[in-house]
Each structure stands twice: as structure tokens, then as C-alpha cells.
Amino acid sequence: MPRITLPDGSTREFDHPVTAHEVAKDIGSGLAKAVIGAKIDGEICDLATTIDRDCKLELITPVDRKTGESSDEALYLIRHSCAHVMAEAIQRVICPRIELVYGPPVENGFYYDMRLPEGVNFSSDDFEQIEAEMEKIIKEDRPFTRFEMPVDEGMKKLRDEGSKYKLDNAERAVEAGSDRLSWYATGEPGKNWEDLCRGPHVPSTGRIGAYKITSLASSYWHGDADSDSLLRVYGTAFADQKQLDRYLEQLAEAKKRDHRVLGKQLRLFHVDETVGQGLILWTPNGAVVRQELQNFISEELRKQGYQQIFTPHIGKLELYKTSGHFPYYQDSQYPPLIHHEHLKMLADDGCSCAQLANSMKEGEVEGYLLKPMNCPHHIKIFDSQPHSYRDLPVRLAEFGTVYRWEQSGEIGGMTRVRGFTQDDAHLFCTEDQLAEELVGCLSLVKIIFKTLGMEDYRVRVGLRDPDSSKYVGDPKNWGKAEQACREAAKGLGVPFSEEAGEAAFYGPKIDFVVKDVVGREWQLGTVQVDYNLPERFDLSYIGPDNQPHRPVMIHRAPFGSMERFIGVLIEHFAGAFPTWLAPEQVRVLPISEKSADYGREVFEMLKAAKVRVTLDDSNERIQAKIREATEWKIPYLLIVGPRDAESRQVSVRARGFMKDLGAIPLDDFVATVREEITTRGAATVIEEHFQAAATA
RNA sequence: GCCACCGUAGCUCAGUGGUAGAGCACACCCUUGGUAAGGGUGAGGUCACGGGUUCAAGUCCCGUCGGUGGCUCCA
């Protein structure tokens, strides 16, 4: 008879099979009331699950009594159950003929995919009504009742009901090894709403807590673009209103630091539909941030022995045929630029687009390509001279702008664009130098992320799929390169994962993924080993044996692109850039016209010290000037009035303190702000000046 | 690319087929003030673009462009 081990190690024995709920009752009536599910030998189950064998049992309550937080399991049960309630409400409120497809819990909530019958539609305007219906179902506190059938019988039921989607789900379950199919009725089977579902669920609808329908999207059946288009309704649910409110606040907070919102507010960049989708116009403020960042990266590159180069934005088609970019990746490139005479000739001949594409592939029409990658140009620089092994490694760096035809639905803000500038570099080295070069690439990343305070990132090492033969290069070298990537990643001291099958066909790679303050992940740069391009371009160096050898290439763009990186940076800092990056570093605010002359003097002095400073000599009151300046997230505001002019001081209001920190001599301020800027924030001397005021 | 929703002043947004609105920003005037909005006046619009329905369209329909959310893709 079942002997049940609880998480604290204690055991309970029963002389008959019991349900998880009965065990909870046996422990205490309070627990029995609170509990919403169980974990039996690590597997999450309904509370009504019968236990007839020895097992480990964990009871799931909506909220942990000690921490006040919900476990992942509790949220899983609540959200999965809420998906059912939402689906029922939608069928009742919108249309009963809506076909249900699939409704799982996901991170931060749940969704339900459904197929709408012809002519039926709904929008976010209907959310309120659906939520009202959900409220009713929850108030009724109907039990989630599980019932099972043998596969044959279950399939027949589904066929009779005529839902191809549910039938498909069942077939998949059977393929995965199920010998029975299960349904959950919200109430009484055969009488109330039901759904084919593996479960588990909370015991009854009343236990769902707080919920909200969040958005509407579309999806494809099986994720296949050629298959049926489905409507996906997103929602979220929590154990209680407080948690839901907190989540919604986080969402609102995330929206406020969205780089697209801040980009507009702080005039960092502009996208103009008449210029083109996904083409970033860097406005003066954004250009400052980018320029400062590029200067910083360039300095570090020089320290590491990189040489800076410049290459044009286009190159002959032939070049990209050699590299393999054309026509292999033609779909993700802007169409080629072709010669006038060709264009004219083809037009006169009434040539179709398809014919044109064909003749370009065949080499009958020459043209140029807007470069989708910088490597071919860099390779040509490397190859413009013979190389001795003594020259290696050669490290060529360029902030190189590339253009890619991203799918229109994917483009947005600065993080997914069609024209972008990579902090690109290509390293040409010997097989033996590879490991050390990889370490060098990663140390650069480390320095820069640290300076920017972006310490919450992880590294993904992409390795070969052991079952595939698509990879180019010597398997022995691959093994060594993979090991080198692994070691280099380890040396960073941040979490990293190895992912088999994620390598490019031409070499293993290391990707950097950063997390922003609200927990979203962004893939930034990569470091990739390449055995393919040196082969394709027939690169060589002369070794100590006086024989030609093939160099190995490393592509590295550790920040991905300036666009995406700065997009992420805007969100990371919520627009409040550290002083060295801030478009406007200091603003001088004279109290009134009486102090205008001194204000101008302060302004000129800072300008001469190469500080990005402005003077607000408008005839507003000081309160209004401060408010205005605060909205621009300027690091330092200098309030100057007759008192300050008298003593040649400035009254400092530093961003983040939101109050008057007191006055310091003008010369001291200039010197300290300079130091903060040149050390890129390593010295935050200003605050030390005001220790007492700042902490008061 | 696919699906849904959206596009009104520089920005944020109201606007029920019948005379295009508010707040902020901007310009000018008054105000000259010590740490998050002083007051007044004014200017600002092809309601994304193109077609259609209607006596009448910002509003309804179709198309195009663009945005948002998702799906798919991502050298």
C-alpha cells in the first residue's frame, strides 16, 4: 500500500489508494483548502490523481507561504486552466463554431490558438466582454473534471465532432506513446464545456486567481506558413491580483524604456517611411552616442593589435559568387544593381524579372551587390599582399555597413533593420593561433560590457550536429576549434551553454545574448570560426617550411550592429546614458537674466573643456527649466544665480539624486566632470564632492 | 512574406456619416524668479496615400505604404 514521501523527508503510509488531495487533508485542513495540484515523483498532476504506489509527493499551493511567490508549477496550473476558461468564454461570447487548436501555458502567461469560421472575427475591443464571461465561469467555481477513453473510442468521438485540429493533437499524443486520450470538462462531462487536454489543471475554475487577456496575434498551424492561419489570443494569470498588478506594472515600465519610445522622446534616431523601412536615420543625439561608443571600441581594438580599414558599400556580383553569398542567400539581399546599358537592353528586349535573375546567376549580366557582409572586402585586403606566417595574425577591423532584405514583418525599431553597421573584424591566423585569438575576441567583449554595466549576459557556444555531414573543413580541426571556443567561453566567467547543431556549416561559433532590465533576451554579436571562405578565396600564407598554408578566419562582431546594440543600450540605461555617452552632458540654468552673463561664462568654460554643454537662457522660472532638463535625462544641471556668480561656484543637481546637492567651485566642477568623461565613468568624483548632501 | 489591430498638429491622444479638437512642444508679449510646469496671445492639418460608396467620408468599402503584436525566416 502506498508509502508517500513528502519534501521534508517525512513519510505517510496508507492502507488503501488515496488521491493527492486526501493526502493534503491528512496533513492539515488549511493545506487541503489551499492546494491546487501535486507533483508525484516529479511529475505535475491533478489533485484528484489517485496514488496506489510508493512515491514522492509535493503539494502545489498557489503561493509559497514563506516567500509570497508562486512556484512555476503553480503558475503552470493556473495559466493552463485559465486558457480553458478563456476558450470557453470566447466560444460563448464570440461564436460557438470557433475551432480550438492548442492552448498551452507559456512564459509570462498562456495563449490559445483557434480557427475562426468564415466571417467571424474579433478584436481587442472584445476583451472586456470575454473577461466578463470568464469572470462568470470562475464565479461558478466549476470543477475541472478529467475523463479518459481508449484511443479508438476517443478518436471516434473527435471524428464525430469534426475537429481536424483536435484530431491532429490526439494523433500526435498517440504517436508520442499515449494509450488513452483525456479530456477536461469545466464541470460535468457531457454537460459542460470540454476540451481534449493532457492536463493537469487546478481543481476548479474558482482557483484561477487573477487574469487578463493581453493581446491578439496570428500563428500558423504547426508553425507552417503554408498551413492554416490561426488566431492566437494571449493572456496571463497569477495566483492573486497583487501579482498580476505587479506584472502589469512591469509591462508598463518596459514600455517606458522601450528604445522606440525613448528614441523619439530623446531624439536619438528617426525612421522615415519615405527613406525606407528598417533604415535608421541617426539624428544628432543618437549620432553622439554611436560616435562615442565607436571611439571606445576603436581604442580597445588598437590596444589589441587590430588595424582599422574602410571598404565601399558595394562590390561586384562576381565577388559574392566567390564568397557564396550570391545567389545562395539571394532572398535576403537587396536586388543587385546592374549597368545602365544592360538595364536598357533588357528593357528593350522585354525581359522579365525571372529572366533577369537567371541571366545574373549565369553571369550573362554583370552588376553590383549592396554588400550583405563585409568579409569579402576584408578578404581582398588580406589577399592584396603575400603573407608570411610571421605576419599572422592579421586583424582587420571596420565599422562596416551592410544591407539585408529582412522580411517586412520582422523589421522594427533599431533592433531589426535592413541597413546596419557591424563592429566587424576579420582575423586571419594559423591553426595554432586560433585558440588565443578567440580568447582575445572575448576579452574585448568583457571589457566593453563591463564598462557599460551590462554584466547580465550569457554565451552560447554553437557546435556541430554530430549526425550531419553538411560541414566543411577537416573534422580534426573542427574538434580543435570547438574545444577552443569552449575554453574561451569558459574563461569569460559568465554562464554559457553548448548547443549541438547550432554551428554554421563553415565553423563553430560563440554568440552573446544579453538580458535587459525587464528580462527580455537579445542576441547581439557572434565570434565565428570559418574554414570555408579561406578555401573559396584560396587564401594562403607562407609557413616556416617555405610552403603555402591555408589560414583560418575568425569573423567577429561582438556587438552585432551599432543599431541593435544601441537599441539595447537605450533600454539598458532607460535613456539615462552615463556622462561619457550622454548627448548632452551638462546644462547650465541661470536663475534669471541677472545671472545670464555668469551662466554664459560657465557654459563657455565647459565648452572649451570639450564638455557637451547647453545653456538655457530662456525667460522661464528655474522650476520649469529644471523640469525640462530632467526630461532630457541630462547627467548634470548647473543652477547659477547671483550667489554662485559672487563666489564663482555652481550649484549642482546630478541626475539620479533629484535634488540640490549644494555648490562647488566652478573650476572643480569642470575638472571633475572631465575626469568622469575621460575615464568613462570609472571615476564618479562629482558624487564624492557631495557625499553628505547625496546621502542626506 | 503571412495573420490581426492601428495610422488625426512636432509629441501624446479625443473625435457617434453633417463646420477638424485638447494638452504638451513652438512663436511673440508680460513676468526676473534659488531646485520637477508663472500668465497671456498666436501660429500650426491634403485626418498616411490612392480609388470607391454617399446629397455629404477623419468616420463606411477596396488597394498601397507605414507602425504595433505575433508566426515564419535570420549567412
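Every number in this text was worked out from the coordinates using simple rules, so none of it is lab data. Please read all numbers here as calculations on a predicted model, not as lab measurements. Heads up, the Cβs are rebuilt from the backbone with ideal geometry, glycines too, and the neighbour counts pull from every protein chain shown.
Sites listed here are GluC sites (Glu not before Pro) in the stretch A:418-469 whose DSSP assignment is loop and whose Cβ has at most 14 other Cβ atoms within 10 Å: A:GLU455.
Mean separation of Cα pairs under 8 Å and 6 or more residues apart, divided by the residue count, gives the stretch A:495-638 a relative contact order of 18 percent. A dipole drawn for chain A from +1 and -1 charges on Cβ atoms has a positive end, and of A:TYR211, A:GLY199, A:LEU533 the residue lying farthest that way is A:TYR211.
Considering only A:GLY162, A:TYR247, A:ILE542, the residue lying farthest towards the positive end of the dipole of chain A is A:TYR247, judged by Cα position with unit charges set on Cβ. For A:THR214, the residues 5 or more places off, or on other chains, whose built amide H falls under 5 Å of its own are A:TYR234, A:GLY235, A:THR236. Other residues with beta-carbon under 14 Å from the beta-carbon of A:ALA609 carry, at +1 per Lys or Arg and -1 per Asp or Glu, a net charge of -2. Would you work out if chain A is rounded, prolate or oblate? Take a ≥ b ≥ c from the square roots of the eigenvalues of the alpha-carbon gyration tensor; rounded if a/c is under 1.5, else prolate when a/b is larger than b/c, oblate otherwise. Oblate, since a/c reaches 1.5 and b/c is not below a/b.
Counting Lys and Arg as +1 and Asp and Glu as -1 over every other residue whose Cβ lies under 14 Å from the Cβ of A:GLU535, the net charge comes to -3. Where a ≥ b ≥ c are the square roots of the eigenvalues of the C-alpha gyration tensor, would you call the stretch A:1-141 rounded, which needs a/c under 1.5, or, failing that, prolate if a/b is larger than b/c, or oblate? Prolate, because a/c is 1.5 or more and a/b exceeds b/c. The trypsin sites (Lys or Arg not before Pro) of the stretch A:552-650 that DSSP puts in a loop, and whose beta carbon has at most 16 other beta carbons within 10 Å, are A:LYS610, A:ARG621, A:ARG648. Which lysines does A:LYS166 reach when only Cα atoms under 30 Å apart count, and residues fewer than 8 places away in its own chain are ignored? Once the sequence-local lysines are set aside, what remains near A:LYS166 is A:LYS39, A:LYS136, A:LYS139, A:LYS156, A:LYS157, A:LYS191, A:LYS212. For the pair the stretch A:35-76 / the stretch A:404-457, the C-alpha centres are spaced 43 Å from each other.
Simple rule: put +1 on each Lys or Arg Cβ and -1 on each Asp or Glu Cβ in the stretch A:384-504, find the dipole, and look at A:HIS426, A:GLY501, A:TYR457; the Cα lying farthest toward the positive end is A:TYR457. Note on the stretch A:461-505: with charges restricted to the Cβ of Lys and Arg (+1) and Asp and Glu (-1), its dipole about the Cα centre is near 180 debye. Think of each Lys and Arg Cβ as +1 and each Asp and Glu Cβ as -1; about the Cα centre, that makes the dipole of the stretch A:557-696 roughly 220 debye.
Under 20 Å Cα-Cα from A:LYS594, which lysines qualify once same-chain neighbours fewer than 8 residues away are excluded? Excluding near neighbours in sequence, the set is A:LYS625. Using the Cβ-Cβ distance between A:LEU248 and A:ASP456 with R0 set to 22 Å, the FRET efficiency from 1/(1 + (r/R0)^6) comes to roughly 0.40.
For Cα pairs less than 8 Å apart in space and 6+ apart in sequence, what is the mean separation divided by the residue count of chain A, i.e. the relative contact order in percent?
Relative contact order comes out at 8 percent.
For A:LYS264, the aspartates and glutamates whose Cα comes closer than 19 Å to its Cα, not counting residues fewer than 8 places off in the same chain, are A:GLU253, A:ASP272, A:GLU273, A:GLU563, A:GLU571, A:GLU584, A:GLU628, A:GLU631. What you get for chain A, charging only the Cβ of Lys and Arg (+1) and of Asp and Glu (-1), is a dipole of about 1400 debye around the Cα centre. Anisotropy class assigned to the stretch A:580-664 is rounded, per the alpha carbon gyration tensor with a/c under the 1.5 cut-off. Amide H contacts under 5 Å for A:PHE269: A:THR283, restricted to partners 5 or more places along the chain or on a different chain, H placed in the peptide plane at 1.01 Å from N. Of the chymotrypsin sites (Phe, Trp or Tyr not before Pro) found in the stretch A:209-312, the ones in coil according to DSSP and having at most 14 other Cβ atoms within 10 Å of their Cβ are A:PHE310. Separation of the stretch A:475-541 and the stretch A:214-259, taken as the distance between their Cα centroids, equals 32 angstrom.
Among residues other than A:GLN277 with Cβ under 11 Å from its Cβ, the summed charge is -2 (Lys and Arg +1, Asp and Glu -1).
Given the pairs A:LYS316/A:LYS380; A:LYS490/A:LYS515; A:LYS255/A:LYS509; A:LYS303/A:LYS446, which span a C-alpha to C-alpha distance of over 22 angstrom in this model? Violating the 22 Å Cα-Cα cut-off are A:LYS255/A:LYS509.
In this rough spin-label picture, where each label sits 7 Å from Cα along the Cβ direction, the A:GLU631-A:ARG302 distance is 4.0 nm.
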